[in-house]
Amino acid sequence: MSSSSDVLARMPHRGPMLFLDEVLEVSGSKARTRTVLRDDFILAKDGKVSSLVSIELFAQAAAAYMASKTSPTERPTVQGALLGSRSLDTFVDAFDVGDELIAEVEQVFGAGALAQFKCALFRAGQKVAEGNINVVSGSDVVRG
Amino acid sequence: MAQRLDRDQIFKKVVEILSDSFELEPSNIKLESTLYEDLDLDSIDAVDIFVQLRDLTGRRPDPEKAKQIRTVEELVSFVESELEAAERGEPEPETPMPT
């Protein structure tokens, strides 16, 4: 696997919209990423972050997975979009600033530009969210 | 070893998946129904269908075969062939990256 920083650089997310701090592992059709919710996190309010952020953490972990499969010299970076989720369960209302969140995603199906990832989010070893996301990949799709 | 589902049983499972996932009236789901016209599903719905079929067959769906399917009957035949492949111990197809 490329280094975590190389993979993050191949994602389209930049600045405060890049929620991932590190790509911990990519293996087979799975990826694991780490996010620390700092006090300047863009969605933080009064020291809390809604657990609905889980869906974006899943999407960015999926993007990291796809970025890891591209050539290190490939440009443009991997592009795509989150289409939505038919299933998302959160087991807490909010996260606290300072929390470290580990996202685990697995691509369970892919056909053409579409794919589905099964996802789970952990805080201090406890599962705090799970679900699946549908994504679409490809620069043509993003450009419209 | 559990007995393999026959076509009628597979059809019932497919109807269950389609009606539960997309709020379709079970009586409107016929073997000859087309997924995209009669049942008004789209390609994102199809992704959800095939992921759920994975639970039924125990195998990753072959995306190339999946893309050819247009009717409920073809969906039933697809599940049947996947169950047969599982019985023969055929390796699962790779999960291709979205492109």
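Observations
- Matching residues, the stretch B:44-65, being within 8 Å of another protein chain (Cβ to nearest Cβ), within 13 Å of A:Ala115 (Cα to Cα), touching a Phe, Trp or Tyr at 6+ places or on another chain (Cβ under 8 Å) and in a helix (DSSP H, G or I): B:Val47, B:Phe50, B:Val51, B:Pro63
- Single residue of B:Leu18, B:Leu39 found to be more than 20 Å from B:Ala85 (Cβ to Cβ), assigned to a loop (DSSP other than H, G, I, E, B) and not charged (D, E, K, R): B:Leu39
- Among residues of the stretch B:66-76 being in contact (Cβ under 8 Å) with a residue 12 or more places away in the chain and more than 10 Å from every other protein chain (Cβ to nearest Cβ), the one that is nearest to A:Gly110 (Cα to Cα) is B:Ile69.
- Check on A:Val141, within 14 Å of chain B (Cβ to nearest Cβ), closer than 18 Å to A:Lys69 by Cβ and at pLDDT 95 or above: no
- As a summary of the residue check, B:Met97 satisfies the conditions (1) surrounded by 17 or more Cβ atoms within 10 Å (Cβ to Cβ); (2) within 10 Å of chain A (Cβ to nearest Cβ); (3) assigned to a loop (DSSP other than H, G, I, E, B); (4) not small (Gly, Ala, Ser) except for the one numbered (1).
- If the condition is being modelled with pLDDT under 85 and either within 24 Å of B:Glu92 (Cβ to Cβ) or not hydroxyl-bearing (Ser, Thr, Tyr) (or both), then the stretch A:71-113 contributes A:Pro72, A:Glu74, A:Arg75, A:Pro76, A:Val78, A:Gln79, A:Ala111, A:Gly112.
- Residue count, the stretch B:1-15 (criterion: of a type outside the set (S, T, N, Q) and not in a loop (DSSP other than H, G, I, E, B)): 8
- Count of the stretch B:14-29 residues which are surrounded by 14 or more Cβ atoms within 10 Å (Cβ to Cβ) and within 14 Å of chain A (Cβ to nearest Cβ): 4
- B:Glu32 vs. criteria farther than 22 Å from A:Ser85 by Cα, more than 14 Å from chain A (Cβ to nearest Cβ), in a helix (DSSP H, G or I) and modelled with pLDDT of 90 or more: no
- When the residues of the stretch A:111-120 are filtered to those that are surrounded by fewer than 21 Cβ atoms within 10 Å (Cβ to Cβ) and more than 21 Å from B:Gln68 (Cα to Cα), the one that is farthest from the other protein chains (Cβ to nearest Cβ) is A:Ala120.
- Filtered by the rule that a residue be modelled with pLDDT under 90, surrounded by 13 or more Cβ atoms within 10 Å (Cβ to Cβ), among the charged types (D, E, K, R) and out of contact with any Asp or Glu (no Cβ under 7 Å at 6 or more places or on another chain), the stretch B:35-64 gives B:Arg54, B:Asp62.
The values are calculated or read from the model by the stated rules, or taken from the named source; none is laboratory data. Quick caveat, the model's predicted, so the values are computed rather than measured. Counting neighbours? That spans all protein chains shown, and the Cβs are built from the backbone with ideal geometry, glycine included.
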